[in-house]
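Okay, structure first, notes after.
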Amino acid sequence: MKKKSINKLHCNEVAKYVCENLDEHLNSRKCRAIKKHLQTCPKCTKQLDSLKKTVFLYRNCPAPGISAQTHKKLMAGLSLMITRK
Amino acid sequence: MGLVLFFLFLCYPPPVSLPDLFVSSTNMKIEQIQNINNESELVHKAQKGDQRAFSLLVKKYESTVYSFAYKVCRNEEKAAETLQDTFVNVYRKLDQFNGKAKFSTWLYQIVTNNCLMKRRQSKLDKSSVSIESHGGGQAESELQGDGAPSQPLVSLTQTPQDEVVNKELREHLDKAILKLPMEQRIVFILRDVEGRSSEEAAKILKVSVPAVKSRLRRARVFLREQLQEYMEA
């Protein structure tokens, strides 16, 4: 029981660390320990994978480009502001 | 008489009006703009009142600003308004830019402030309210009755069916991110979507790096929970 709670705490710590430092290029002692943990813990590995997928989806979700109308409106607005100044 | 008019025309050629100058310079090809490697010189010229330099800066960064604003607001109209407000502020505050940070960092500060201001002005973000009032139910109804998404997470080959899935997925992504508090949303977009470092995000938001990481962690965990059903597909 005690072992389980310690293990759970460790997983929580891993989850917190991974959520804060995903995509960071770290090579600290703690980072290495967490990488080692991830190799042996399927639960944390699954959490990490779902986190990566979440980021991947947002990173690859296309945003519309600026339309010709929006560009024209921007330029016209700025021109007007500059001439009035 | 004709000769006099011709003489007057030679002596007083019509000046190039500022708007013409401004618009014509924006017709430069993107390659030409990207070739301007000395950005600080361009900024310096714009600070001295060179309208052409300013218009080149606008042309160079308008897509970045619009795209970022769209990713934060998830709304084209709001993104266009933010774009306009941002460059008006850039023009007005250009002399305050001291060159200590990158110009893009300073620009992100302005667009971020505009996004936050827009949120404060409207007080109620209609999208957030409507989603929260539905408790995400609409998004859930788009999934199968058993809660599992009917389609693969990411389609590798595009079919008409996939297009529908992608549209649904995009709507789901929009709804989830709009539920995030603006501060967390901006950090998530800066770090995970735009690929800015934690240090730069901290500079943009004028908060500490640990504060950025804390907001980022909360945002990532929240979004992952919101997309849980897609994760298990």
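Each reported figure results from applying straightforward, stated rules to the coordinates on display, with no laboratory input. Just so it is clear, the structure is predicted and the values come from calculations on it, not from any experiment. Cβ: placed from backbone, ideal geometry, glycine included. Neighbour counts: every protein chain shown.
Go through B:Lys78/B:Lys213; A:Lys85/B:Lys60; A:Lys52/B:Lys93; B:Lys118/B:Lys206; A:Lys46/B:Lys78 and tell me which ones have a Cα-Cα distance over 30 Å in this structure.
Beyond 30 Å: A:Lys52/B:Lys93; A:Lys46/B:Lys78.
How would you rank B:Val72, B:Val58, B:Val187, A:Val55, going from fewest to most other Cβ atoms within 10 Å of each one's own Cβ?
A:Val55, B:Val58, B:Val72, B:Val187
Spin-label point model (7 Å from Cα, Cβ direction): what's the A:Thr45 to B:Glu41 distance in nm?
With each label point 7 Å from Cα toward Cβ, the separation is 5.4 nm.
For chain A, modelled as a Gaussian network with Cα springs under 10 Å, which listed residue fluctuates most, A:Cys44, A:Cys61, A:Cys11?
A:Cys61
Using R₀ = 22 Å, calculate the FRET efficiency as 1/(1 + (r/R₀)^6) where r is the Cβ-Cβ separation of A:Asn12 and B:Glu194; round to 0.05.
0.15
Please find the FRET efficiency linking A:Ser67 to B:Glu171, where r is the Cβ-Cβ separation and R0 is fixed at 25 Å, and quote it to the nearest 0.05.
The formula returns an efficiency of 0.75 here.
What's the extension gain from A:Arg29 to A:Asn60 if we count 0.36 nm per residue and subtract their Cα-Cα distance?
7.9 nm
Ranked by Cβ crowding within 10 angstrom, fewest neighbours first, how are B:Ile177, A:Ile66 ordered?
The most exposed by this proxy come first: A:Ile66, B:Ile177.
How far is the Cα center of segment A:20-43 from the Cα center of segment B:171-223, in Å?
Cα centres, segment A:20-43 to segment B:171-223: 21 Å.
Helix A:68-84: angle to the longest alpha-carbon principal axis of chain A, degrees 0 to 90, nearest 10?
Taking Cα atoms only, the helix is inclined about 60 degrees.
Multiplying the sequence separation of B:Lys48 and B:Lys100 by 0.36 nm and subtracting their Cα-Cα distance, what value in nm do you get?
Length gained between B:Lys48 and B:Lys100: 16.9 nm.
Taking the Cα centre of segment A:2-84 as the origin, how large is its charge dipole in debye, to the nearest 20, when only Lys and Arg (+1) and Asp and Glu (-1) carry charge on their Cβ atoms? Intermediate results must be reported in sequence, preceding the final value.
Working: 18 positive and 5 negative charges, 100 e Å.
Taking the Cα centre of segment A:2-84 as origin, the dipole is about 480 debye.
Rg to Rh for chain A: what is it, with Cα atoms only and Rh by Kirkwood?
Here the Rg-to-Rh quotient is 1.39.
Test of understanding: ordering B:Leu180, B:Leu107 by Cβ neighbours within 10 Å, fewest first, what list do you get? Walk me through the intermediate numbers first.
Values: B:Leu180 20, B:Leu107 23.
Neighbour counts put them in this order, fewest first: B:Leu180, B:Leu107.
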